[in-house]
Amino acid sequence: MTFENIGHFDVVVVGAGPGGLCTAIEAAAGGAKVLLVDKQREIGGMLHIANGEFSGGGTRRQAAHGIADTPEDHFAEVMRLSHGRADERLAWQSVRAQGETVDWLESHGFEFDPATPGLVHGHEVYSVPRTYWGVEHGRSVIAVLRRLLGERVAEGSVTVRFGVRIEGALVEDGRVAGVSGTGPDGGAMTARGDAVVLATGGYDADLGLRNRFLPPGCEDALIACLDHATGDGLVLAEELGADTSGDGHFIPVMGLIPDPGRPGFAVDYREAFVEVALAYRIPHEIWVNRDGARFVAEDTTSPEHRERALLRQPGIEMHIIWDRAIAAAAEPLIRNGAGDWTRERMRDEHARGRWIVVADSLEELAGKLGVDPSGLAETVRRYNEAVAGGHDPDHGRTALPMPISEAPYYGLTSIAASLLSRDGLRADGDLAVLDRKGVPIAGLYAVGEVLGNNVFAGDNYVGGMSVTPAMTLGRELGRALAARREGAHG
Ligand SMILES: Cc1cc2nc3c(=O)[nH]c(=O)nc-3n(C[C@H](O)[C@H](O)[C@H](O)COP(=O)(O)OP(=O)(O)OC[C@H]3O[C@@H](n4cnc5c(N)ncnc54)[C@H](O)[C@@H]3O)c2cc1C
């Protein structure tokens, strides 16, 4: 078996997602010699699939659009939306500089979607437009970071190694002095570093680890992230005595479709998901649980309200029900980032039968979906009565466009999904990883989703509060490590 020692660096960054990329770029800009490794064959991490929505208050772009905002106002909203459960210290550390991160991306040619800054309705909405995204979603962020990284690689300050999976740390004299792992050819490798930064992302693609952190009853949540999120950095740090949070918060993402070819996983978000937000599509369907009962107003404007309602349903699953007339009249129920789901494509999908169940009667549909048939029949009867009367006494839904009464009937099952890790490593204001006594593990740092999203969003989703803290604190950490390295001036 081969063995390679990559060398000695000021900073070794593990993971080339937004957190690791920004750390590496800024550390190198500050004069540090940096090694950036990733077990994948390309940079970008979860940005390949993410909407890549980022947020910041007091930006140049907001000013240009006449929007008054400040980091303080943004922070107040982060605390409101997170029900006061975000970590005030680290969340503020990020939010206070997020506007600067937005300006930085802009100054490096980020291709903003013209609709930004905008309000995003997939999660609880900010009161002012302070969310930004690119014309190619997360890939627009990758484009800028790739360019900036390329400049540092060209000048020789960053060495990049792909296909290297880090599995352990080198510890000398009580401090982390490097990493060890497996290279692309399966051989062992090590790299030494004065500082090691874990930017390995979350753990949601590892069922055992994810369910260790999820509250009981949520084990059936679909995995909706990319496969690299196996919690490697968290496991590595725990082996060194690191402390982790264990808040037990979970709020699902709705609208993900179970992948029949990959039990437990969702159909790739880039291919298809169900649009559940009223702001983007008027619901013509009803949502029922296994008992055939509706459980929320399908047109609620509060994502959190419907997400928490879904969490209370058996198997955290819901079945979306519609009929022939709705299929002909409604906007496509299924969407994706490319926006290429048309009514015709929906019709093809009905016929293909991968995810959508078709039946000649409601009873048959219930049987195929595993829903109680008499419950469904009664629910549809009451819903049709509500449509006729223009009033939904059960859930107060006001969008009541048409009854569900014409065969064939259609059904699609959606299960609550997890796509980012809520818990993670505990770290101090320097992003040094803390041990179980609250003492920094010398030489070891963490940034990005490996810290857990609860730190920045409490028990909710807060717009942009995963990608933006990864980039913002990554930049700050990179600068600080460069300034602190031996022989640094100023
Ligand atoms: C569908 C979807 C949509 C999303 N949309 C948004 C959004 O709009 N806004 C937002 O704020 N957040 C969003 N997120 C979350 C966001 O994408 C992530 O939280 C963010 O990318 C985390 O950045 P990171 O750098 O910490 O980790 P990642 O982006 O996950 O990158 C981690 C990198 O580390 C590498 N790695 C892991 N283990 C090892 C190892 N052992 N050795 C070497 N390399 C390793 C991985 O290969 C990967 O490249 C979304 C997530 C998903 C799944």
- Note on the structure: Val78 vs (1) in a helix (DSSP H, G or I); (2) among the aliphatic types (A, V, I, L, M); (3) away from the ligand (no atom under 16 Å from the Cβ): all pass except (3)
- Message: Can you tell me how many residues within region 181-200 are within 11 Å of the ligand (Cβ to nearest atom) and either farther than 21 Å from Glu42 by Cα or polar (S, T, N, Q) (or both)?
- Response: 2
- Message: So in region 390-434, with the set limited to residues that are open to solvent by less than 50 Å² (accessible area, probe 1.4 Å) and of a type in the set (Asp, Glu), which one is farthest from the ligand (Cβ to nearest atom)?
- Response: Asp392
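A quick yes/no check of all residues on (1) under 27 Å from Arg397 (Cα atoms); (2) assigned to a loop (DSSP other than H, G, I, E, B); (3) assigned by TED's automatic domain parsing to the domain that holds Arg436; (4) in contact with a helix residue (DSSP H, G or I) (Cβ under 8 Å, 6 or more places away or on another chain):
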site	(1), (2), (3), (4)
Asp204	no, yes, yes, yes
Leu209	no, no, yes, yes
Glu219	no, yes, yes, yes
Leu236	no, no, yes, no
Ile251	yes, yes, no, yes
Pro260	no, yes, no, no
Ala277	yes, yes, no, yes
- Message: Would you confirm whether or not region 242-249 contains a residue that is of a type in the set (D, E, K, R), assigned to a loop (DSSP other than H, G, I, E, B), under 16 Å from Ser414 (Cβ atoms) and in contact with a strand residue (DSSP E or B) (Cβ under 9 Å, 6 or more places away or on another chain)?
- Response: no
- Limited to region 99-147, what total is found for residues that are of a type outside the set (A, V, I, L, M, F, W, C) and either outside the structural domain of Gly58 (by TED's automatic domain parsing) or open to solvent by less than 20 Å² (accessible area, probe 1.4 Å) (or both)? 12
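Quick check, is His83 open to solvent by 30 Å² or more (accessible area, probe 1.4 Å), closer than 17 Å to Ala191 by Cα and at pLDDT 95 or above? Talk me through it step by step, then tell me what you get.
On the way: open to solvent by 30 Å² or more (accessible area, probe 1.4 Å): yes; closer than 17 Å to Ala191 by Cα: no; at pLDDT 95 or above: yes.
Judged against the criteria, His83 is not a match.
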- Message: I need every pair where a residue in region 312-334 that is among the basic types (Lys, Arg) has its Cβ under 6 Å from the Cβ of a residue that is open to solvent by 30 Å² or more (accessible area, probe 1.4 Å), sequence separation at least 6 or different chains.
- Response: Arg324/Glu406; Arg324/Pro408
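So which helices (runs of 4 or more DSSP H) are wholly in region 326-389 and hold at least 1 residues that are open to solvent by 50 Å² or more (accessible area, probe 1.4 Å) and more than 25 Å from Gln313 (Cβ to Cβ)?
Details: elements: 343-352, 362-369, 373-389.
Of the helices (runs of 4 or more DSSP H) lying wholly inside region 326-389, those with at least 1 residues that are open to solvent by 50 Å² or more (accessible area, probe 1.4 Å) and more than 25 Å from Gln313 (Cβ to Cβ) span 343-352, 373-389.
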- Message: Of everything in region 24-39, what is crowded, with 19+ Cβ neighbours inside 10 Å and either part of a loop (DSSP other than H, G, I, E, B) or within 9 Å of the ligand (Cβ to nearest atom) (or both)? Give them in sequence order.
- Response: Gly30, Ala32, Lys33, Val37, Asp38, Lys39
- Mind checking which residues of region 167-183 are touching a residue at least 24 places away in the same chain (Cβ under 8 Å) and open to solvent by 40 Å² or more (accessible area, probe 1.4 Å)? Glu167, Val171, Gly174, Arg175
- Note on the structure: Residue count, region 191-218, condition surrounded by fewer than 17 Cβ atoms within 10 Å (Cβ to Cβ) and within 23 Å of Gly443 (Cα to Cα), comes to 0
- Message: Can you go through Arg165, Arg85, Arg89 and tell me which one is touching a His at 6+ places or on another chain (Cβ under 9 Å) and under 28 Å from Asn454 (Cα atoms)?
- Response: Arg85
- Query: So which residues in region 45-75 are in a helix (DSSP H, G or I), crowded, with 21+ Cβ neighbours inside 10 Å and within 16 Å of the ligand (Cβ to nearest atom)?
  - Reply: Gly45, Met46, Leu47, His74
- Those residues of region 97-130 which are closer than 22 Å to Arg308 by Cβ, in contact with a strand residue (DSSP E or B) (Cβ under 8 Å, 6 or more places away or on another chain) and of a type outside the set (A, V, I, L, M, F, W, C), in sequence order: Tyr126
- So Gly264 clears everything in (1) in contact (Cβ under 8 Å) with a residue 24 or more places away in the chain; (2) open to solvent by 30 Å² or more (accessible area, probe 1.4 Å); (3) on the phi < 0 side of the Ramachandran plot except one condition, right? Which one? (3)
- Restricting attention to region 453-478, and to residues there that are within 17 Å of Val120 (Cβ to Cβ) and polar (S, T, N, Q), which single residue is surrounded by the fewest Cβ atoms within 10 Å (Cβ to Cβ)? Asn460
- Residue under evaluation Val235, criteria (1) modelled with pLDDT of 95 or more; (2) open to solvent by less than 30 Å² (accessible area, probe 1.4 Å); (3) of a type outside the set (Gly, Ala, Ser), criterion not met: (2)
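The values are calculated or read from the model by the stated rules, or taken from the named source; none is laboratory data. All values derive from a computational prediction rather than experimental measurement. FYI the Cβ positions are ideal-geometry reconstructions off the backbone, even for glycines, and counts take in every protein chain you see. For the accessible areas, the whole protein counts, side chains as well, though only heavy atoms, and no ligand, DNA or RNA atoms are used. Shrake-Rupley method; radii C 1.70, N 1.55, O 1.52, S 1.80 Å.
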